[in-house]
1. When only DSSP loop residues count, what trypsin sites (Lys or Arg not before Pro) in segment 1-88 have their Cβ near at most 14 other Cβ atoms within 10 Å?
2. So what is the relative contact order of the chain, in percent, for Cα pairs below 8 Å that sit 6 or more residues apart?
3. Mean-square fluctuation check for the chain, GNM, Cα pairs under 10 Å: which of D81, D96, D62 is largest?
4. Under a Cβ-only charge scheme (Lys and Arg +1, Asp and Glu -1), can you give me the dipole magnitude of the chain about the Cα centre, in debye to the nearest 20?
5. Residue-wise, which Karplus ³J(HN,Hα) couplings in Hz belong to segment 99-115, taking 6.51 cos²θ - 1.76 cosθ + 1.60, θ = phi - 60°, and x for glycine or proline?
6. Would you mind calculating the relative contact order of segment 1-55 from Cα pairs under 8 angstrom and at least 6 residues apart, reporting the percent as a whole number?
7. Using the Kirkwood radius built from alpha carbon pairs, what does the Stokes-Einstein equation give as D for the chain at 4 °C and 1.567 mPa s, in µm² per second?
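Just so you know, all these numbers are worked out from the coordinates, no wet-lab data involved. This one's a predicted model, so the numbers in the text were calculated from it and none came from an experiment. Backbone-built Cβ (ideal geometry, glycine too); neighbour counts: all protein chains shown.
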Amino acid sequence: MDEPVPLIIRATAFAAGKHRNQRRKDAEASPYINHPIALASVLANEGGILDPLVITAALLHDTIEDTETTAEELIAEFGADTAQVVLEVTDDKSLDKAERKRLQIEHARGASVAAKLVKLADKICNLRDLNVAPPAGWSLKRKREYFDWAKQVIDQVRGTHAVLESLFDREYARRP
C-alpha cells in the first residue's frame, strides 16, 4: 500500500488534472477542484477521518462522473478498492436526472462505509455551497428541493459517523 501523504497528493494532482478546465456553476465560476478538496477537508479536519482510502476516494469522487476518467484508469492509478468507492458514489449520466436522484436515495443505505463517508462530505459541501455561492439562476424553490433531496439521501446513511451527520444537520437547518 502507498504511503498516505504521497497517495493523497497524487490523488489531488490527478483530480486537479482531470477537472482542470471545469468550473462550478456559481456566479464566480469557481474552479471545480475546490469541491473535491473541500470534501477531503471536511472528512479529515472536521470529521477526523484519516483513512487514506476515504480521503483519496473523496478527492476522486467526481472523476468518472464528470470527466473522461474510466474505472480501469482509477484501478491502475489508485487500486481496485479506491475505484470501487468512487464507483459507489458515481451517478450514471446516461439516466435522466430524476432517476439518478432516486437511485442515490435507494443505493445509499447499502453503500460501503467509505462510500457513505464520501456521500456525507459531498452533501455537506453541496449544502454549504448552496448557502454561500449557489449556482447562477437557481431559484429559492430549486435550492430548497436540493436540500430536501440531500436529506433523503443522508437519512439512508445515518449511523455511519455522528460528527459528519451533525455537520450535515447543521447545514440542513440553514435551509433557505
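1. R20, K25
2. Computed over the chain, the figure is 23 percent.
3. Of D81, D96, D62, the Gaussian network model singles out D96 as fluctuating most.
4. Values: 25 positive and 28 negative charges, 198 e Å.
Value, rounded to 20: 940 debye.
5. 3J(HN,Hα) across segment 99-115, in whole Hz: 5, 4, 5, 4, 5, 4, 5, 5, 8, 4, 4, x, 6, 5, 4, 4, 5.
6. 28 percent
7. 79 µm²/s
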